[in-house]
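Notes for the one structure printed next.
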Amino acid sequence: MVCERVPLESAARKFGTPTYVYSRASIDDAYRELHKGLGALPHTLCFAVKSNGNLSILKHLAEMGSGFDIVSGGELHYLQRIGVRGDRIVFSGVGKDRYEIREALNYRVHARGGGAGILLFNVESEAELEILVEEAERLAGRGGKPPAGAIRVNPDVQAGGHPHIATGKHEHKFGLDWPEARRLYLAHSDSKWIRWQGISAHIGSQITTLAPFRRALKRLAGFVGELRRAQIDLRYLDVGGGLGVRYSDQKPPTRAEYARLVSQMVRKLGVHLLLEPGRSIIAPAAVLLTRVVYKKTNRGKTFVVVDSAMNDLMRPALYGAIHPITKTAREGKESGGRKRVDIVGPVCETGDCFLRDWPLGEVKAGDLLSIWVAGAYGMSQASNYNARCRPAEVLVEGNRLRLIRRRETQDDLLRTDVLG
C-alpha cells in the first residue's frame, strides 16, 4: 500500500508507529474541488483549524489561498506563528473569553503590514457581544477601528452524524434563536463600536445528505432579507461547514455537489460567502499507522492489540465512529482468510477499541495496520492519557516524506509539571 508514491511500510520503518501520514495531493484535490464548485460566487474557504492544527498543513493551505475559522486564542496563535493575515480569519465559538477577544482585536502580523484585527467575529450570545463592544470601545481610545461582527443564528435544523456533533437545534448550546439575534442586530445597528458585516450558522458535522443544508440556507436567506428591510445590509454570509465524508458505508454528496448547491442558493443574495470546511478536506487525506503488539483469544473472541490507542484517535470511543482498518501488506494486499476480531489499544479502558467484530486478514505481532480516513479530529483531539506520548505526523509530497511533527518523548510529558 502506498500514499502517493511512498510505501506506507517505509514510512512506518522510518518514523515508527503510531504515526499519522498525510497526502498533500489529497489535501490539494479536496480544496480545489470545493473552490471550483463555487464558481464565480465571491467566496472564501476558511479551513476549520479545530479539525487539524498542524502548522505545516495550515501553512500549505494558506499558500493555496485558504482563510481560517478559529474557535480559541490558541488557534489564533497558530495562525500568527505562520504569518496569516487578520483579514483571512473568522473567530467562532460559544465561549470566547475577554482575553481572547482582546487578542483578536489587536491581532497583527508585523511582517505583512496592514491594520490590526480579524475579518469577522461570529458572536454567539448577548454577554459575548457586550464584552466585544467594551473591548472595542477601549481599543478605539487608542485609535483602533470597530470590529466587524456577525451573529451566529440557530436555524433549528436537525443535522449531524452523531448527537455530540449536531449543533443547529434550539436545544444546543450554539448560536441564538432568530428573534433574539434580530433584536441584537437592531439594538446595535447604529453602534460606534461594532459594524454588522455578516450572519453566521453551522448546523452540525458529518452531514451526509444535502437536505439539511438546503433547509438551513433557505432560512438564512430569509433572515438576510429581514435585516435588509431593516436597513442592515450584510456583506458576509458564513454558512459554516459540516459536509460529511465516507468512513464506512456512508454515501455523502461530493464536494462539487455540495458546493454547487451552496452557490445556487447564495448567488442571488449578493453576499460574499464564507465556508468553513474541515473534515471534508483533511479527513480522507490521512492514515494512522499502527503495529500489532499482541494477539489473544478469550472464549472464542479474538483480540488484536495494537500500539495505537484512544489517546491517539478518540473518535471511535467518543462517537462510536468506524474507521476502516486493513493490514498494510508490503505487496499491497492482505494475506490469509479474514477472521472477525476486535482491534483494541493498550489504554486501561474497555472503550479503547477501534473496531469490534471486524473482518481482518491473518496478523501477528509486528504486522503493520492502517487506520483510514484519520486526518480530521485525530491529532487535534489526541491526549496524553495513561502517560502516553502523542504520535508523529508525516506529510507525503509525491515520493518525498517530510516530518511535520515529531513524536513526543517521555520528557515532553513532564515539561509543564512544577514540583514543590
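Computed quantities for the displayed model
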| quantity | calculated |
| --- | --- |
| Whole-number D in µm²/s for the chain (Stokes-Einstein; Kirkwood sum over Cα pairs; 20 °C, 1.002 mPa s) | 94 µm²/s |
| For residue 125, distant residues with modelled amide H under 5 Å away | none |
| Rounded to whole Hz, the Karplus (6.51, -1.76, 1.60) HN-Hα couplings of the stretch 256-268, x for glycine and proline | 5, 5, 4, 4, 5, 4, 4, 4, 4, 7, 9, 3, 6 |
| Relative contact order computed over the stretch 24-278 (Cα-Cα under 8 Å; 6+ residues apart), in percent | 21 percent |
| Amide hydrogen neighbours beyond the local backbone of residue 153, cut-off 5 Å, H modeled | 176, 200, 201 |
| Mean shadow area of the stretch 28-156, taken as a quarter of the surface of its Cα convex hull (nm²) | 8.9 nm² |
| Over the chain: helical MRE at 222 nm, DSSP H runs n ≥ 4 each giving -39500 (n - 2.57), nearest 500 | -8000 deg cm²/dmol |
| The stretch 228-277 and the stretch 374-420: distance between their alpha carbon centers, rounded to Å | 33 Å |
| Charge dipole (the chain, unit charges on Cβ, about Cα centre) - positive-most of 321, 274, 264 | 264 |
| Cβ-based exposure ranking for 415, 291, in which fewest neighbours within 10 Å come first | 415, 291 |
| Beta bridge orientation in the chain: antiparallel %, DSSP, nearest 5 | 45 percent |
| Nitroxide proxy distance, nm - points 7 Å out along Cα→Cβ at residue 33 and residue 218 | 2.7 nm |
| Sorted by Cβ density within 10 Å, fewest first, the residues 267, 81 | 81, 267 |
| Karplus-derived HN-Hα couplings along the stretch 15-27 (A = 6.51, B = -1.76, C = 1.60, θ = phi - 60°), whole Hz, x at Gly and Pro | 10, x, 9, x, 9, 7, 10, 10, 9, 5, 4, 5, 4 |
| Flagged links, alpha-carbon separation over 26 Å, of 251/295; 36/251; 14/364; 36/268; 14/296 | 251/295; 14/296 |
| Among 42, 147, 284, residue whose mean-square fluctuation peaks in a GNM of the chain (springs only between Cα atoms under 10 Å) | 42 |
| Radius of gyration and Dmax over the Cα atoms of the stretch 1-44, both given in Å | 15.6, 46 |
| Whole-Hz couplings from phi, Karplus 6.51/-1.76/1.60, listed for the stretch 118-125; x for Gly and Pro | 10, 5, 7, 9, 8, 7, 10, 7 |
| Mean shadow area of the stretch 284-405, taken as a quarter of the surface of its Cα convex hull (nm²) | 7.9 nm² |
| Reachable lysines from residue 192, criterion Cα separation under 22 angstrom, eight or more residues apart if same chain | 96, 145 |
| Principal axis box of the stretch 78-138, alpha-carbon based, largest edge first, Å | 35, 22, 16 |
| Contour minus Cα-Cα distance for residue 264 and residue 298 (0.36 nm per residue) | 6.6 nm |
| Rg ratio (alpha-carbon, reference 2.2 N^0.38 Å) - the stretch 225-316 | 1.79 |
| Cross-link partners of residue 339 among aspartates and glutamates (Cα-Cα below 18 Å; sequence separation of 8 or more within a chain) | 357, 362, 367 |
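Values quoted throughout were computed directly from the atomic coordinates according to the rules given, and no laboratory measurement underlies them. From a predicted model like this one, the values you see are computed outputs, not experimental measurements. Cβ sites come from the backbone with ideal geometry, for glycine too, and all protein chains shown count toward neighbours.
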